[in-house]
Each structure stands twice: as structure tokens, then as C-alpha cells.
1. Can you report the number of residues in the range 60-106 which are among the charged types (D, E, K, R) and at pLDDT below 85?
2. Given (1) modelled with pLDDT of 90 or more; (2) loosely packed, with under 15 Cβ neighbours inside 10 Å; (3) within 11 Å of residue 26 (Cα to Cα); (4) not aliphatic (A, V, I, L, M), identify the lone condition not met by residue 57.
3. Which of the residues spanning the range 30-74 are in contact with a Gly (Cβ under 8 Å, 6 or more places away or on another chain) and either in a strand (DSSP E or B) or of a type in the set (Ser, Thr, Tyr) (or both)?
4. Search the range 60-75 for residues that are under 17 Å from residue 89 (Cα atoms) and pair each with any residue that is among the aromatic types (Phe, Trp, Tyr) and surrounded by 18 or more Cβ atoms within 10 Å (Cβ to Cβ) when their beta-carbon atoms are under 6 Å apart and the residues are at least 6 apart or on different chains.
Amino acid sequence: MTSAAVSLNTDFAGANSGENIPSATRAYLTNTSFVAVHFNEAGKGRIMFLEKGSMLRIVGPSSCLREGFEVTFERRIHHVFEIDLMTRCTLIFETVKGKRRAMAALRLPQ
């Protein structure tokens, strides 16, 4: 006699796998100041501090930091470490109207 095997998919909070990336619509508010990296068009990186109270929006996984994310801050892409984002920021829950307004502000002029 045989029995069926069941496979469970478990996501661990804080794990940086391709399937566990925060949604691009999520916004975070910084609780403390921490470091981010901004790369200009020539690829030169500049380290800067994100101030307490800054609002960050997730773009996706970082192309430059192994365990990081790309976020928008002041209409520019910055790279931050996942551990900083998850421990030094608070997730903001927005209304649909607020999300639409924020997404419209991020659109590039044509």
C-alpha cells in the first residue's frame, strides 16, 4: 500500500530568495537614520544617510547589493541592505487612493 506525500512551501521572514521579495507597492518609513548607496548614470556610487522619517518604496531586489533592495527616495533609486529595511523601518499601510497618487508622482515625463 502507498500513501501520498505532501510537500509544504514555507517562507521564512527575512530570507532573501527570489520568491520572498516585498511587493513593489509597499512603502516603508524609516525609524532611524541608516546608510544607502546611490549610483549615478556613470555607475559611480555615493554613500548617503537616509534620515529618520524618510519614506521608501520598494522597487525590487538590488542589482548591486547581494542581500539588498532597490528603493525609491526623493525620486531616485537607492540601494539598501535588507536587514536595515526590515529592522529600521516600519511598513506603511496606504489607501488605494494614496498608492495611485504616489505611483503617478513616480512616472517619468514622456
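The values are calculated or read from the model by the stated rules, or taken from the named source; none is laboratory data. Keep in mind it's a predicted model, so treat the numbers as computed, not measured. Glycine gets a Cβ as well: all are built from the backbone with ideal geometry, and neighbour counts include every protein chain shown.
1. Pass one, the range 60-106, residues among the charged types (D, E, K, R): 66-67, 70, 74-76, 82, 84, 88, 94, 97, 99-101.
Next, from what is left, pick out any that are at pLDDT below 85: 94, 97, 99-101.
Summing the residues that are among the charged types (D, E, K, R) and at pLDDT below 85 in the range 60-106 gives 5.
2. (2)
3. Keep residues of the range 30-74 that are in contact with a Gly (Cβ under 8 Å, 6 or more places away or on another chain), which gives 30, 37-39, 61-62, 64, 69-70.
Of everything in the range 30-74, those that are in contact with a Gly (Cβ under 8 Å, 6 or more places away or on another chain) and either in a strand (DSSP E or B) or of a type in the set (Ser, Thr, Tyr) (or both) turn out to be 30, 37, 38, 39, 61, 62, 69, 70.
4. 68/81
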